[in-house]
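What follows is a set of notes on a single structure, which appears directly below.
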Amino acid sequence: MRDNREKMEIIQNLWQVGGSGFTSGDDAAVYLVRFGDEAAIIDAGCGGAHQSLISNIATILPAEIKIPYLFLTHCHYDHTGGAADIRNHYGCLIIAHALDAEYMEEGNSEVTAATWYGTGMPRLPIDESFNAATREFPVGNGSLTAHHWPGHTPGSVVYVAEIQSKRVLFGQDIHGPLHPSFLSNEADYRRSLEYILDLQADILCEGHFGVYRGKDQVEKFIRQYL
């Protein structure tokens with residue numbers, strides 16, 4: 001169990017609990033962050049390895065720590081397919097940007113890329129959607145700030161948190177790709193890349209390429225897509 005905890009920990013109070021090597025190779029990364037007596041989950045994977053995800057979280061969090069929120073970075077199935085099961089297990093609220101929420105709520109398998117995984121997107125009611133360019137969500141003794149980050153999808157979002165005096169950027173699909181079926185927009189995507197450079201993150205938690213540490217490494221990763 002100790003080996004698993006050490007593998008999952010990024011810094012104190014921040015872990016990767018899902019994704020390749022943690023749950024299923026089909027899952028985008030799933031991150032867990034704790035702020036005092038509450039924690040939050042960022043993205044949900046496809047859902048096929050739900051029990052592994054729950055087991056990983058139980059390894060880290062004491063049972064009394066509440067998880068009030070599941071934050072979705074965008075509508076794609078490898079990030080959202082497991083969201084309903086996570087909500088049912090923890091009783092948490094699912095948060096997403098309104099421009100992507102509509103495709104999850106209607107069960108649109110094309111825009112959510114579920115068809116890329118040989119399946120369909122079930123209708124996923126979103127508990128709280130937002131339209132603002134930025135939105136802060138208090139969690140325990142800290143917070144996560146959502147930044148609208150269009151381009152990959154219309155309602156893509158990155159989240160920023162201050163953890164252990166580090167600015168952590170949860171930027172799941174910074175690498176793209178862009179595709180007509182996703183309603184991608186290249187001009188928006190390039191503006192969004194410039195925007196997150198200005199956030200000056202110390203740590204980047206990406207969705208498919210792992211964790212980048214240090215401002216120089218974060219900037220280098222982002223710039224390669226400009």
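Can you tell me the length gained on complete extension of the stretch W116 to K166, counting 0.36 nm per residue apart and subtracting the Cα distance?
Extending this stretch completely gives an extra 14.5 nm.
Assigning unit charges at the beta carbon (Lys, Arg +1; Asp, Glu -1) and nothing else, what dipole magnitude in debye, to the nearest 20, does the stretch 80-161 show about its Cα centre?
Using only the charged Cβ atoms, the result is roughly 160 debye.
Of the residues G151, G47, G107, which exhibits the maximal mean-square fluctuation in a Gaussian network model of the chain defined by a 10 Å Cα contact cut-off?
Top of the fluctuation ranking is G107.
With point charges of +1 on the Cβ of Lys and Arg and -1 on the Cβ of Asp and Glu, referenced to the Cα centre of the stretch 166-215, which listed residue (G214, G176, L197) lies farthest in the positive direction of the dipole?
Farthest towards the positive end: G214.
Have a look at T80, T145, T115 and tell me which one the Gaussian network model of the chain (Cα, springs below 10 Å) gives the largest fluctuation.
T115
Which value, in Å² rounded to 10, gives the accessible area of S52 with a 1.4 Å probe and all protein chains present?
S52 has an accessible surface of roughly 50 Å² with all protein chains in place.
When the convex hull of the C-alpha atoms of the stretch 186-226 is computed, what volume per residue in Å³ does it have?
Per-residue hull volume (Cα only) is 64 Å³.
Over the chain, average the accessible area per residue using a 1.4 Å probe and give it in Å², no decimals.
I get 43 Å² per residue for the chain.
So how long is each side of the stretch 3-130 along the principal axes, counting just the alpha-carbon atoms, biggest first, in Å?
39, 28, 22
For A63 and K220 in one chain, what is 0.36 nm times their gap in residues minus the Cα-Cα distance, to one decimal in nm?
Contour length minus Cα-Cα distance gives 52.6 nm.
Mind checking which lysines have their C-alpha under 30 Å from K215, skipping anything on the same chain fewer than 8 residues away?
K7, K166
Within 10 Å, Cβ to Cβ, of D27, how many net charges do the neighbouring residues add up to if Lys/Arg are +1 and Asp/Glu are -1?
With Lys, Arg at +1 and Asp, Glu at -1, the net is -3.
Please list the non-local residues whose amide H lies under 5 Å from the amide H of S24, H modeled 1.01 Å from N, same-chain partners needing a gap of 5 or more.
Sorted by chain and number, the residues that satisfy this are G19.
Taking a quarter of the surface of the Cα convex hull of the chain, what do you get in nm²?
The number I arrive at for the chain is 10.8 nm².
Give, in nm to one decimal, the length gained when the segment between K7 and E136 is fully stretched (0.36 nm per residue of separation minus the Cα-Cα distance).
Full extension of this stretch gives 43.5 nm more.
Could you give the size of the charge dipole of the chain about its Cα centre, using +1 on the Cβ of each K and R and -1 on the Cβ of each D and E, expressed in debye and rounded to the nearest 20?
480
For a label point 7 angstrom out from the Cα of R191 toward its Cβ, which stretches of the stretch 140-169 have the backbone nitrogen within less than 19 Å?
146-159
Towards the positive end of the charge dipole of the chain, with charges on Cβ (+1 Lys, Arg; -1 Asp, Glu), say which of F130, S165, T59 has the farthest Cα.
After comparing all options, I get S165.
Farthest toward the dipole's positive end in the chain, which of A84, L70, G18, given Cβ charges of +1 (Lys, Arg) and -1 (Asp, Glu) about the Cα centre?
G18
Can you tell me the relative contact order of the stretch 114-183? Whole percent, Cα pairs under 8 Å, sequence separation 6 or more.
It rounds to 19 percent for the stretch 114-183.
Compute, for the stretch 5-121, the length of the dipole vector about the Cα centre, with Cβ point charges of +1 (Lys, Arg) and -1 (Asp, Glu) only. Units Debye, rounded to 20.
About 380 debye.
The values are calculated or read from the model by the stated rules, or taken from the named source; none is laboratory data. Since the model is a prediction, treat every value here as computed from it, not as a measurement. Cβ: placed from backbone, ideal geometry, glycine included. Neighbour counts: every protein chain shown. Only protein heavy atoms, including side chains, enter the accessible area calculation; ligands, DNA and RNA are left aside. Shrake-Rupley method; radii C 1.70, N 1.55, O 1.52, S 1.80 Å.
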